[in-house]
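The values are calculated or read from the model by the stated rules, or taken from the named source; none is laboratory data. None of the values given here were measured: they were computed from a predicted structure. Note: ideal-geometry Cβ built from the backbone for every residue, glycine included; neighbour counts use all protein chains shown.
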């Protein structure tokens, strides 16, 4: 019998899918491997990302989320959550890879400790160019549950060398840009494979999507919905 509690709280989370050589025949996505002892998805290759922190709502953005994406992010969610989600995505990219999505600028007032190193680079976080492309709810019975939003970001918007991971934390190992033609040979979580299918289908479209897939797992059923759309029938 599993010792996993059935009432694990669901946390909002944000994930960055950074894409390099987006218009080429074989674009690359940035991924890293979680540790063998991680409570959530051990050993799996994942995109940088993590839970929204309480302070994320208070951090200013140099450029806000696109209005279309903002409307999708706020749908079936706490009003105004789009801001904290974008900040969390940028913060997680910085913490886990050492890469900066931002613009040159000086911070006003006291700098939150989680952002001190980012601010020291002389940049402000910016959501310009972020595309909200997928949302997924972790199924019940897992040791961690997240209501995760996935953002697509072009590597051209990364400040500095996108191959330089020298400032990364140790949360992800084997950080690398993986060609889409090879990515499914890696040990991926199921939901990551689903997200990759969506990303591959729209990789060259830089416009905010008109609707966003939402893979919702709850105690009653699993539904594949579209924000600003209708339920999508599941095969099988």
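Considering every residue within the range 229-236, establish whether at least one is surrounded by 12 or more Cβ atoms within 10 Å (Cβ to Cβ), modelled with pLDDT under 90, outside any loop (DSSP other than H, G, I, E, B) and under 17 Å from the mean Cα position of the chain (by Cα).
No, every residue in the range 229-236 fails to be surrounded by 12 or more Cβ atoms within 10 Å (Cβ to Cβ), modelled with pLDDT under 90, outside any loop (DSSP other than H, G, I, E, B) and under 17 Å from the mean Cα position of the chain (by Cα).
For the range 89-97, does any single residue satisfy the condition of being in a loop (DSSP other than H, G, I, E, B) and in contact with a helix residue (DSSP H, G or I) (Cβ under 9 Å, 6 or more places away or on another chain)? Step through it out loud before you land on a result.
So the first thing to find is which residues in the range 89-97 are in a loop (DSSP other than H, G, I, E, B), and the list is none.
The answer is no, given that none of the residues of the range 89-97 is in a loop (DSSP other than H, G, I, E, B) and in contact with a helix residue (DSSP H, G or I) (Cβ under 9 Å, 6 or more places away or on another chain).
Tell me which residues, restricted to the range 101-122, are surrounded by 14 or more Cβ atoms within 10 Å (Cβ to Cβ), closer than 25 Å to residue 152 by Cβ and free of Cβ contacts under 8 Å to residues at least 60 places away in the same chain.
Residues satisfying the conditions are 102, 103, 105, 115, 118, 121.
Surrounded by fewer than 16 Cβ atoms within 10 Å (Cβ to Cβ) and either more than 21 Å from residue 46 (Cβ to Cβ) or more than 18 Å from the chain's Cα centre (by Cα) (or both): does that describe residue 68?
no
Take residue 132 and decide whether it is modelled with pLDDT under 95 and in a strand (DSSP E or B).
Considered against the rule, which asks whether it is modelled with pLDDT under 95 and in a strand (DSSP E or B), residue 132 comes out as no.
Quick check: anything in the range 159-173 more than 30 Å from residue 201 (Cβ to Cβ), within 19 Å of the chain's Cα centre (by Cα) and exposed (fewer than 15 other Cβ atoms within 10 Å of the Cβ)?
Yes: one or more hits.
Going by the conditions given, is residue 152 modelled with pLDDT of 90 or more and buried (at least 16 other Cβ atoms within 10 Å of the Cβ)?
So residue 152 fits the description; yes.
Taking residue 132 as the residue in question, decide whether it is buried (at least 24 other Cβ atoms within 10 Å of the Cβ), in contact with a strand residue (DSSP E or B) (Cβ under 7 Å, 6 or more places away or on another chain) and within 30 Å of residue 210 (Cα to Cα).
yes
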